[in-house]
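Any read-out appearing in this document is the output of simple, stated calculations on the displayed coordinates, not a laboratory observation. Because the structure is a prediction, the values reported are computed rather than measured. Positions of Cβ are backbone-derived with ideal geometry, glycine not excepted, and every protein chain shown enters the neighbour counts.
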Amino acid sequence: MIAYKYDKSFEGLLSAVFEAYASKKFPDVLLGENDLPPLFCDEMVEIVTDEERSTRVWKGLERRISKSALYTLPDCWLSELPDVDMLIFRYIRKAIDASQSIEMNFGDPDVMQLAKIWRSVIKERERVMQFVRFQKTADGLFFSCIEPAFNVLPITLSHFIDRFHDQKWIIYDAKRDYGFYYDLTTATEVHFDDKQWDDRGFLSESVADMDEKLFQQLWKGYFDSMAIKERLNPRLHKRNLPVRFWKYLPEKR
């Protein structure tokens, strides 16, 4: 059994693909830097993430599959599902070795599985774009806390920049402990050690705008008044608005 150990980045995965073809040794398992090798591991290969090598693999894939199929790979990577890296590795290998594009070959279990994962990731992306609720801070910054099932925050940025390009904002992923700060020009990744919000993502009164609580009450009142009690459908409501998002929504407070 051959194991590759890498830094668990997408560029590192592409570097691993390059190394496999260069050495003609293909891994049976991919490990993170702190993972223990499996039993009966015959060889451990340390992969160094190399931008030039990862770029060469990416450009090679551009010649073998369409752009839309190509960009599903980093999207699937954001799912963070167990062994998704090995699934992507096998897909890339098949794409490189095949005489024609494999992207529509849904009879292949790896192609089919990646297509399912991609749909789930994109659905979660759409939910984040729908259910983000901003709170205004005392200094005029808008803040939102989320906890998506997948690491989709990076692929929502273009939407929020386009939608709120004239406002400064922070969207923070509480599950992964990072976020992005938009300063009217660019979005920069940020991390906070001293968090000024509670476990439901609501800002503390010391940093919130003085009218923020009033606006939340007005929004909740609007939400309640729009509901038609005779047509309430809790099951449909939970399907369209998953319960895991509720704790970050002022209308559900």
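In whole Å, what is the distance between the alpha-carbon centres of region 78-97 and region 34-74?
8 Å
Which shape class, rounded, prolate or oblate, goes with region 2-123 when its Cα gyration tensor gives a ≥ b ≥ c as root eigenvalues, a/c under 1.5 marks rounded, and past that a/b bigger than b/c marks prolate?
prolate
Assuming R0 = 35 Å, what is the FRET efficiency of LEU218 and LYS175, from their Cβ-Cβ distance, to the nearest 0.05?
0.75
Using R₀ = 25 Å, calculate the FRET efficiency as 1/(1 + (r/R₀)^6) where r is the Cβ-Cβ separation of PHE40 and LEU81; round to 0.05.
It comes out at approximately 0.50.
So if each residue of separation counts as 0.36 nm, and I subtract the Cα-Cα distance between LEU184 and SER101, what length gain in nm does that give?
So the extension gain works out to 25.8 nm.
Work out the FRET efficiency for MET210 and LYS168 from their Cβ-Cβ distance, taking R0 = 22 Å, and round it to the nearest 0.05.
So, using R0 = 22 Å, E works out to roughly 0.75.
Under a plain spin-label model, where a point goes 7 Å from the Cα along Cα-to-Cβ, how far apart in nm are SER158 and SER68?
Rounded to a tenth, the inter-label distance reads 1.4 nm.
Specify whether the C-alpha gyration tensor of region 193-253 places it in the rounded, prolate or oblate class, a ≥ b ≥ c being the square roots of the eigenvalues: rounded for a/c under 1.5, otherwise prolate if a/b is larger than b/c and oblate if not.
Oblate.
Helix 10-23 sits at what angle to the longest principal axis of the chain, using alpha carbons and giving 0 to 90 degrees rounded to 10?
0 degrees
With just the Cα atoms defining each centre, how far is region 126-170 from region 180-237? Give it in Å.
Using only Cα atoms, the two centres lie 10 Å from each other.
Semi-axes of region 73-192's equivalent ellipsoid from the Cα gyration tensor, sqrt of 5 times each eigenvalue, largest first, rounded to whole Å?
The three semi-axes for region 73-192 are 35, 13, 12 Å.
Per residue, how big is the convex hull around the C-alpha atoms of the chain? Give it to me in cubic angstrom, could you?
With only Cα atoms used, the chain gives 173 Å³ per residue.
Which of the pairs LYS8/LYS136; LYS5/LYS94; LYS175/LYS229 have their Cα atoms more than 24 Å apart in this structure?
From LYS8/LYS136; LYS5/LYS94; LYS175/LYS229, over 24 Å: LYS8/LYS136; LYS175/LYS229.
Where does the charge balance sit around LYS136 when Lys and Arg score +1, Asp and Glu -1, over other residues with C-beta under 10 Å from its C-beta?
-4
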